[in-house]
1. Can you find a residue that is among the polar types (S, T, N, Q) and in a loop (DSSP other than H, G, I, E, B) anywhere in region 34-41?
2. Scan region 8-47 residue by residue and report those that are over 16 Å from residue 84 (Cβ atoms) and touching a residue at least 24 places away in the same chain (Cβ under 8 Å).
3. Taking region 78-94 only, how many residues are closer than 10 Å to residue 59 by Cβ, out of contact with any His (no Cβ under 9 Å at 6 or more places or on another chain) and either of a type in the set (Phe, Trp, Tyr) or surrounded by 12 or more Cβ atoms within 10 Å (Cβ to Cβ) (or both)?
4. Which ones in region 67-102 are of a type in the set (A, V, I, L, M, F, W, C), modelled with pLDDT of 90 or more and part of a loop (DSSP other than H, G, I, E, B)?
5. Identify, please: which residue in region 29-58 is among the aliphatic types (A, V, I, L, M) and touching a helix residue (DSSP H, G or I) at 6+ places or on another chain (Cβ under 9 Å) and is, among those, nearest to residue 107 (Cα to Cα)?
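The values are calculated or read from the model by the stated rules, or taken from the named source; none is laboratory data. Bear in mind that the values here come from a model prediction, so they are computed numbers and not experimental data. Here the Cβ positions follow ideal geometry from the backbone for every residue, glycine too, while neighbour counts run over all protein chains shown.
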Amino acid sequence: MGTVPKSDVIVFDKTGLDIATLDRIPAEKVVLAVEVVSPGSRKDDRFLKPGMYAEAGIAYYWRVERGDEIAPVVHEFWRHHESGVFVPSPERPVHTGKLTTEVPFPIDIDLRSLIEV
């Protein structure tokens, strides 16, 4: 397996891993990769990294960007089994205001609360 970039956030299955001795999480254990887009990483986070994550077999990818009202917007993708590339979630591909999904695990987050001080 080639090099897989380090994402901003990963969710992984720790079964069978000795976390104390790992220098990286094996791609086959990663359930979700999340990239938080900044002006300097926009091209990589939108184009390069999703392709590398899909090629590595990671099933889910979320891209977090700043929305019009500054609150985060989450773009939800899943790896299409036949084509091997990420496609937008069929249920709700873009989350504004609130991130609610069941895959890869149930989650319900008020996105606006993430920026409140």
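1. Yes, that holds for at least one residue.
2. 8, 9, 10, 11, 31, 32, 34, 35, 36, 37, 44
3. Total satisfying the criteria: 2.
4. Within region 67-102, just 85 meets the criteria.
5. That would be 33.
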